[in-house]
Amino acid sequence: GMKQRKMNEIADEVLREWQIRKPHLANEDRTVRELNAIMNGFLALWESIPAGTVEMTETKIEDRPIVDNKLQCHGIPDLVMKLDGRGIAVLDYKTGKNVKHVENDVVSCAQTLLYCMMLSQKEYPDQALSTTYLYPLPQEGISCNYNDNVKAVIQQRFTDAIKAMETGDGWLATDGKSGALASPDKNPACAW
């Protein structure tokens with residue numbers, strides 16, 4: 001039923017991306033194997049998600065304030081679900097082989113936690129919110145909870161980054177020739 005339809009939508013999306021990128025045009029067998037592995041991984045991960053209903057798919061969230069009078073963000077979450085007894089979950093698909101997110105880590109999960117922050121402002125102000133990154137190839141799901149503490153960390157990180165840009169103090173991303181200083185490890189403000 002609903003799960004099969006959603007999996008077909010995901011499959012269509014992955015195939016569209018592949019047609020644009022054609023990562024292994026010279027080796028079609030490899031591409032077909034990788035797409036099969038991604039689809040099988042999604043099916044396995046989908047079964048691990050608690051029961052619920054689909055709220056949004058690829059739905060644009062218009063500009064919302066993140067730091068008052070300084071920063072607004074907008075975005076398009078892959079999937080938003082209302083999970084039975086668990087509130088609202090923002091699900092994000094990552095088709096790579098390497099897991100780049102860390103459980104309940106605000107920095108690595110900033111993208112979807114921002115979606116949670118934006119959705120909490122209008123669509124779901126009184127709901128518990130969480131996020132999960134779904135990696136079908138390694139068949140892992142990385143989850144992060146959203147709450148007032150997480151919101152405060154996000155706002156503080158962006159506030160610090162904006163202040164660094166405005167004052168130049170602690171802002172190293174001015175090496176336009178090499179861009180070397182613009183990496184988050186050399187310049188933490190850049191990550192935000």
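The values are calculated or read from the model by the stated rules, or taken from the named source; none is laboratory data. Small disclaimer: the values here were computed from a predicted structure and weren't measured. Here Cβ is always computed from backbone atoms with ideal geometry, including for glycine, and neighbour counts include all displayed protein chains. In case anyone asks, the SASA skips ligands and DNA or RNA and just uses the protein heavy atoms, side chains included. Shrake-Rupley method; radii C 1.70, N 1.55, O 1.52, S 1.80 Å.
Points to keep in mind about this one:
- Residue count for the range 41-53 under the criterion of being among the polar types (S, T, N, Q) and surrounded by 10 or more Cβ atoms within 10 Å (Cβ to Cβ): the result is 1.
- When D105, D126, D185 are screened for being at pLDDT below 75 and part of a loop (DSSP other than H, G, I, E, B), only D185 passes.
- Within the range 131-149, being surrounded by fewer than 21 Cβ atoms within 10 Å (Cβ to Cβ) and of a type in the set (S, T, Y) holds for one residue alone: S143.
- Verdict on T131 being in contact with a helix residue (DSSP H, G or I) (Cβ under 8 Å, 6 or more places away or on another chain) and assigned to a loop (DSSP other than H, G, I, E, B): no
- Selection within the range 54-81 - within 15 Å of L113 (Cβ to Cβ), of a type in the set (A, V, I, L, M, F, W, C), open to solvent by 10 Å² or more (accessible area, probe 1.4 Å) and without any contact (Cβ under 8 Å) to a residue 60 or more places away in the chain: C73
- Here is the figure for the range 92-115: residues that are touching a helix residue (DSSP H, G or I) at 6+ places or on another chain (Cβ under 8 Å), without any contact (Cβ under 8 Å) to a residue 60 or more places away in the chain and of a type in the set (A, V, I, L, M, F, W, C) total 3.
- Picking from residues in the range 82-98 that are within 17 Å of the chain's Cα centre (by Cα) and open to solvent by less than 50 Å² (accessible area, probe 1.4 Å), the one that is farthest from Y146 (Cα to Cα) is G96.
- Pick from the range 150-173, criterion polar (S, T, N, Q) and open to solvent by 70 Å² or more (accessible area, probe 1.4 Å), ranking: farthest from the chain's Cα centre (by Cα): T167
- Residue in the range 100-116 that is aromatic (F, W, Y), surrounded by 17 or more Cβ atoms within 10 Å (Cβ to Cβ) and within 23 Å of L43 (Cβ to Cβ) present: no
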